[in-house]
Every structure is written in C-alpha cells, then in structure tokens.
C-alpha cells in the first residue's frame, strides 16, 4: 500500500546549525506534500507545504524541496533555534482523494 | 473562532467498555478526519468524511465506527475497547481553498484502555 518513509527518526543539532529531514513516498499519484510540526503534548500544525508542480518553496528559515522523479522531498531548517525543537512529520496526498499518508516523524532537538 | 475542538481530553476505559469521542469544527469545512497517533508510527487515518452524509474507511478502521452528525460534528465510537486502542486520537478538518489543502487538527484525546 501507500507508504511514506521519513529519516532520521531523531536529529540533534547545535543552535544556529541547519537541520535536514528527508522523506520518500511510494504513491506516484501523490501531488501534495505538507510538513507538520508537533510540540510536546500539542496538536500537529502545518508549517509549510509544496505541490508537485513546484521544485522548491521557502518561508523564512524553512524550505522544502521536491524531486518527483525520485519521489523524495526534504525539509530544511536554517539557523535553528531552541524553539524549533519538536517532532516534524512529512506527509503525502493525492489531491484527488482524501487520504494523507504521514511519515513516522523526526524528533528534532536544538541544543542551546 | 475555536477551530477544531475535541472532548474528552483524557479517558481511561476498561477492556470491553464503549465510548464516543466527539469532534466539532466551526470553520465551515466540508471534510473531517479521525487519526490515531502511536509512538514511532506517525498519524494513521481511521475514518474520514469527505462531506456531510458520507464516511469512508482509512488505513486502520477495525474496531471503530463513525458518525457525521452534521457539517460541524464528526464522532468516533469504540464499541468494545481493547488495549491495542490505547492511543492519542486527533480529529481534523480541511477545505480546498485554491492551492491550499491544509488540515486543521484538534487538541487530541489521550485514551488508555486497561
């Protein structure tokens, strides 16, 4: 069935460094790729998304890249801050349907 | 504007008991979803409702039933709870607005089945 693999499961960086989280999806019909941030005990919240007709999207310190041929997409966080510490989930969806498949999550620790 | 609300926030059940998780949204969204979140497994779709009057199975529907009561409300029922249903349950809603397909999540219900 459809699957989204996410790596790494845990990532620890020093404040100010960059963090990269990578995902691979299996369903070639997927054309919408959101990223969610979930702080401890809180609900997931959308931080950035990308559609398949775009290769890269940036919003301040975060950016997402998509390689549709390889079925890879990545989240890049630059100049990390302690408040970036959270669990990040990638996801994939075919906008013709209603099922969003989530990756297992990456726990990011930013050390001050 | 409360967004997506869920009740209860916490619940402890004994094996075999039943309960209903409630969800409501005030954003006039057509689509609503129920997910479960287990450690190391991300969010998995249990059921969804594309629009009022319709419901469909997601990835892990066994042991659950849903009701789309009206456009605002979507409930999840556990008829006979099992320890494997111990999880955090999130309700979500979404609408297609141009290129946006964002799902808005509720605060979650932490369920323990003993």
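The values are calculated or read from the model by the stated rules, or taken from the named source; none is laboratory data. None of these values were measured; they are calculated from a predicted model. Here the Cβ positions follow ideal geometry from the backbone for every residue, glycine too, while neighbour counts run over all protein chains shown.
Only residues that are free of Cβ contacts under 8 Å to residues at least 24 places away in the same chain and at the interface with chain A (Cβ under 8 Å from one of its Cβ atoms): list them for the stretch B:30-52, please. If you could, list the steps in order and put the result at the bottom.
Filtering the stretch B:30-52 for residues free of Cβ contacts under 8 Å to residues at least 24 places away in the same chain gives B:39-42, B:44-45, B:48, B:50-52.
Answer for the stretch B:30-52, where residues must be free of Cβ contacts under 8 Å to residues at least 24 places away in the same chain and at the interface with chain A (Cβ under 8 Å from one of its Cβ atoms): B:40, B:41, B:42, B:44, B:45, B:48, B:50.
Can you name every residue in the stretch A:87-112 that is at pLDDT below 90 and more than 19 Å from residue B:60 (Cα to Cα)?
Within the stretch A:87-112, A:95, A:96 qualify.
Can you report the number of residues in the stretch A:63-77 which are out of contact with any strand residue (DSSP E or B) (no Cβ under 8 Å at 6 or more places or on another chain) and either surrounded by 19 or more Cβ atoms within 10 Å (Cβ to Cβ) or under 10 Å from residue A:33 (Cβ atoms) (or both)?
1
Being on the phi < 0 side of the Ramachandran plot, surrounded by 14 or more Cβ atoms within 10 Å (Cβ to Cβ) and touching a helix residue (DSSP H, G or I) at 6+ places or on another chain (Cβ under 7 Å), is that true of even one residue in the stretch A:82-93?
Within the stretch A:82-93, not a single residue is on the phi < 0 side of the Ramachandran plot, surrounded by 14 or more Cβ atoms within 10 Å (Cβ to Cβ) and touching a helix residue (DSSP H, G or I) at 6+ places or on another chain (Cβ under 7 Å).
From B:103, B:85, grab the single residue that is at pLDDT below 95 and either more than 23 Å from residue A:101 (Cβ to Cβ) or surrounded by 14 or more Cβ atoms within 10 Å (Cβ to Cβ) (or both).
Values: B:85 fails: at pLDDT below 95.
Answer to the check: B:103.
Suppose we keep only residues that are on the phi > 0 side of the Ramachandran plot and touching a strand residue (DSSP E or B) at 6+ places or on another chain (Cβ under 8 Å) within the stretch B:18-57. Which one would you say is surrounded by the fewest Cβ atoms within 10 Å (Cβ to Cβ)? Walk me through how you get there before you give the answer.
Step one: list which residues in the stretch B:18-57 are on the phi > 0 side of the Ramachandran plot, which gives B:28, B:40, B:42, B:53.
When the remaining residues are screened for being touching a strand residue (DSSP E or B) at 6+ places or on another chain (Cβ under 8 Å), the result is B:42, B:53.
Working: B:42: 22, B:53: 9.
Ranking the qualifying residues of the stretch B:18-57, first place goes to B:53.
Restricting attention to strands (runs of 3 or more DSSP E) lying wholly within the stretch B:64-114, give those where 1 or more residues are within 14 Å of chain A (Cβ to nearest Cβ) and either free of Cβ contacts under 8 Å to residues at least 60 places away in the same chain or closer than 26 Å to residue A:95 by Cα (or both). If you could, list the steps in order and put the result at the bottom.
Details: elements: B:64-68, B:74-78, B:87-94, B:103-105, B:109-113.
In the stretch B:64-114, the matching strands (runs of 3 or more DSSP E) lie at B:64-68, B:74-78, B:87-94, B:103-105.
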